[in-house]
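Asker: This is the structure I have questions about; it appears just below.
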Amino acid sequence: MAWNWGVYQWQEQYKDGEKPNGLDLKKQFNAIKKEKFPFVYEVTKYASQQPFIQLQKSYNMFFKKQGGRPKFKKKGKSKDSFYIGGDQIKVIGKKVKIPNLGLVKLRENIRFDGKIMNATVSKIADKWFISFCIKPSMSYFEPCENQASVGIDLGVKSLATLSNGSFVDSPKPLKKYLRKIKRVSRQLSKKVHSRKKGDRTPKSNNYKKHSIKLAKIHKKIADIRKNSLHKLTTALTDNFQYISIENLNVKGMMANHKLAKAISDMGFYEFRRQLEYKSKLKRNILFVIDRWFPSSKTCCNCDNIKKDLTLKERIYKCEKCGIELDRDFNAGINIHNQLPIVHRKVTPVEITAMDLGVSLLNLTSIVEAGSKHQKYLIMSRFE
Ligand SMILES: [Zn+2]
């Protein structure tokens, strides 16, 4: 709208033998906008500023024969958009504060930490979008230069178990949704089974309602998990130069519980994707161990393999050396010790010698521990 006004004025003034420019047009527009375009005045000053900057740029391109003559924009066809400077915008949780518009709810959280440089609000079809230009916080690019190493065992119940004895808890809402998903899928399967064979009548509305409900919970779980995985992978790549993970979620494969498997698989691929790109940025060394390595069944103390380990056994008891420890912790150490750096091998004995008071981390403290200098996330004690 401000753009179209600008293009029109430019053409007219040019015809009249004047030399229009973006800055003058903006001033002229501002002088009349209150009266002629009251709604512009209501939105934000950027809605009437940025188009003229763009207009000047487009005409410059046109004069240099680098682009076509600026055209009118059809409403609805080209996207309606306006620009907001970073200093004018504020993000509070899932809401964004836009000058003169107030708080606007966002559909999802902003994925990166960092300073918002600017944002563009645009309307595509009948939906509004906002894209942020973010300068990531230093931690995204600062190479991880310590010598610390870690092995990570991913789970469903706890999000991850680290070889230094830290347990990263799943976020609470996740547990709530996991219970919910079980309930809804049970209801849904009852509805499927109650149908007679060969019944070709369309599925009931109730059935459809339940499938939508189920899909929504799945999405919610994926989002929560993704979010907490981001926090975890940032903390890991900030604190450990050497990171060891498994190639496939073997434990998920072993589990007969289809749901648990699906959810942990999903998390696993996302976890690996995040770790890979963050490791590249921060120059961590990510080591992915062979998919057939029996990380759960191997004793991290004496390398004995316990073939009959069942999923129910939460405590790993080694019949050969007698050690007893949490099964995921055992797996985490094994995954760590697969790092091709021999002197780094750790045993649970060394770890119990550590101050275990800090080993039971939940995710919140991991997030706070995101800085490089948190001692308890760094395994330098083993060197
Ligand atoms: Zn043993």
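The values are calculated or read from the model by the stated rules, or taken from the named source; none is laboratory data. Note that this is a predicted model, so its numbers are computed, not measured. Cβ sites come from the backbone with ideal geometry, for glycine too, and all protein chains shown count toward neighbours.
Asker: Would you confirm whether or not segment 286-301 contains a residue that is in contact with a Cys (Cβ under 8 Å, 6 or more places away or on another chain) and modelled with pLDDT of 90 or more?
Answerer: yes
Asker: If we keep just the residues of segment 61-88 that are out of contact with any Pro (no Cβ under 7 Å at 6 or more places or on another chain), of a type in the set (S, T, N, Q) and not assigned by TED's automatic domain parsing to the domain that holds ASN4, which is modelled with the lowest pLDDT?
Answerer: Among those that are out of contact with any Pro (no Cβ under 7 Å at 6 or more places or on another chain), of a type in the set (S, T, N, Q) and not assigned by TED's automatic domain parsing to the domain that holds ASN4, it is SER78.
Asker: Hey, another quick one. Scan segment 320-336 and give yes if some residue there is exposed (fewer than 13 other Cβ atoms within 10 Å of the Cβ), part of a loop (DSSP other than H, G, I, E, B), near the ligand (Cβ under 9 Å from one of its atoms) and modelled with pLDDT of 90 or more, otherwise no.
Answerer: Taking every residue of segment 320-336 in turn, at least one turns out to be exposed (fewer than 13 other Cβ atoms within 10 Å of the Cβ), part of a loop (DSSP other than H, G, I, E, B), near the ligand (Cβ under 9 Å from one of its atoms) and modelled with pLDDT of 90 or more.
Asker: Starting from segment 297-310, take each residue that is assigned by TED's automatic domain parsing to the domain that holds GLU324 and in a loop (DSSP other than H, G, I, E, B) and list its partners that are basic (Lys, Arg) and within 8 Å of the ligand (Cβ to nearest atom), counting only C-beta distances under 8 angstrom and pairs at least six apart or across chains.
Answerer: Between residues of segment 297-310 that are assigned by TED's automatic domain parsing to the domain that holds GLU324 and in a loop (DSSP other than H, G, I, E, B) and residues that are basic (Lys, Arg) and within 8 Å of the ligand (Cβ to nearest atom), the close pairs are CYS299/LYS320; CYS302/LYS320; ASN304/LYS320.
Asker: Which one is surrounded by the most Cβ atoms within 10 Å (Cβ to Cβ) among residues in segment 152-188 that are at pLDDT 80 or above and among the hydroxyl-bearing types (Ser, Thr, Tyr)?
Answerer: Here the residue is SER163.
Asker: Still on this structure: Sort out which residues of segment 284-319 are within 10 Å of the ligand (Cβ to nearest atom), touching a Phe, Trp or Tyr at 6+ places or on another chain (Cβ under 9 Å) and not hydroxyl-bearing (Ser, Thr, Tyr), and write them in order of number.
Answerer: Hits for segment 284-319 are CYS299, CYS300, LYS306.
Asker: Identify the single condition in (1) assigned to a helix (DSSP H, G or I); (2) acidic (Asp, Glu); (3) modelled with pLDDT under 90 that GLU276 does not satisfy, given that it satisfies every other one.
Answerer: Here GLU276 clears every test but (3).
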